[in-house]
1. With a Förster radius of 25 Å, plug the Cβ-Cβ distance of ARG268 and THR228 into 1/(1 + (r/R0)^6) and report the FRET value to the nearest 0.05.
2. Please report ASP225, ASP120 as a ranked list, fewest other C-beta atoms within 10 angstrom at the top and most at the bottom.
3. FRET efficiency for LYS248 and LYS75, Cβ-Cβ distance as r, R0 = 30 Å, nearest 0.05?
4. Quick check on packing: order 79-85, 210-216 by the mean number of other C-beta atoms within 10 Å, highest mean leading.
5. Hey, can you rank 145-152, 111-118 by average C-beta count inside 10 Å, highest first?
6. For THR49 and GLU220, what is the calculated FRET efficiency with R₀ set at 22 Å and r taken between the beta-carbons, to the nearest 0.05?
7. Between ARG201 and LEU41, what length in nm is gained on full extension when 0.36 nm per residue of separation is reduced by their alpha carbon distance?
8. Taking Cα pairs under 8 Å and at least six residues apart, what relative contact order does the range 2-279 come out at, in percent?
Amino acid sequence: MRVGVFYFPTDYGIDIAELARALEERGFDSLFVPEHTHIPLSRKTPFPTGGELPKRYSHTHDPFVGLAFAAAVTKKLKVGTGILLVPQHEPIATAKAIASLDQLSGGRFVFGIGAGWNQDEMENHGVRYTNRYKQMREHVLAMKALWTEEAGSFHGEFVNFDPAWSWPKPAQRPHPPILLGGETDYTLKRVVEYCDGWFPRPRGGFEAATALDRLKRMAESVKRDPATLTITVFGAPAEAATLAAYEKAGIPNALLAIPDGSRDEILRHLDTIAPLAKAHA
């Protein structure tokens, strides 16, 4: 099992290039970053876990810029979005950014996606909250067309373009792996339709074997080979016994959280959890 991390890169936290080098030196497999383009002051949408919205949500760097810095100073570290709010991004430009990052990093990009929860934020991007899942699907399919066809085209309800050249193509073929976040059966239906993997959070009662079985059964229900899909546990507990249980069940990837903190606090935290990465390398 491969162990990576996810972190909110901010204007007040550790430099993402330094973080990336530190992760690679300590044997971690990957660095994933989330995104929020902005946080409207209206705050109509409650924070999903309750309480006040943490400061880091309104201070995140652009994910593609941050990951480009991380990729530029490392050789093996995978870099990924965890997650990109796909409905908020115009798909032609996003496909170009992802293909460029994947090629320049030597095929190290992983595309973690989601539809988003912050209604205020997505409405500022012209996205209706009730349409976010339909738009996410169309955006992903349109990007796939640009990545995999010499002259890709797409015609849908939200995305519409005639055949067009879009180079470079991603280094990974047919495209970087696409992982969808969420825990419901609706999420799994979307995973098996147009994604390459599932990105669940280990919320109350999460069992690795049960998760694998759910994904397998959903894939088989649409006659998709379960071997073409993977699971990456997002926010796995930094516990040796839990990670060992994941690995024994067949979970191939897990991401540990890096909390907010000063540069020195974060580096000390990495030293504390590095043995977990090395144990599963």
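Rule-based calculations on the coordinates, nothing more; no lab input. Treat the numbers as computed from the prediction; the structure is a model and nothing was measured. Glycine gets a Cβ as well: all are built from the backbone with ideal geometry, and neighbour counts include every protein chain shown.
1. Using R0 = 25 Å, I get an efficiency of 0.05.
2. Going from least to most buried by this count: ASP225, ASP120.
3. 0.50
4. 79-85, 210-216
5. 111-118, 145-152
6. That gives a FRET efficiency of 0.10.
7. Full extension of this stretch gives 54.8 nm more.
8. Once normalised by length, the contact order is 21 percent.
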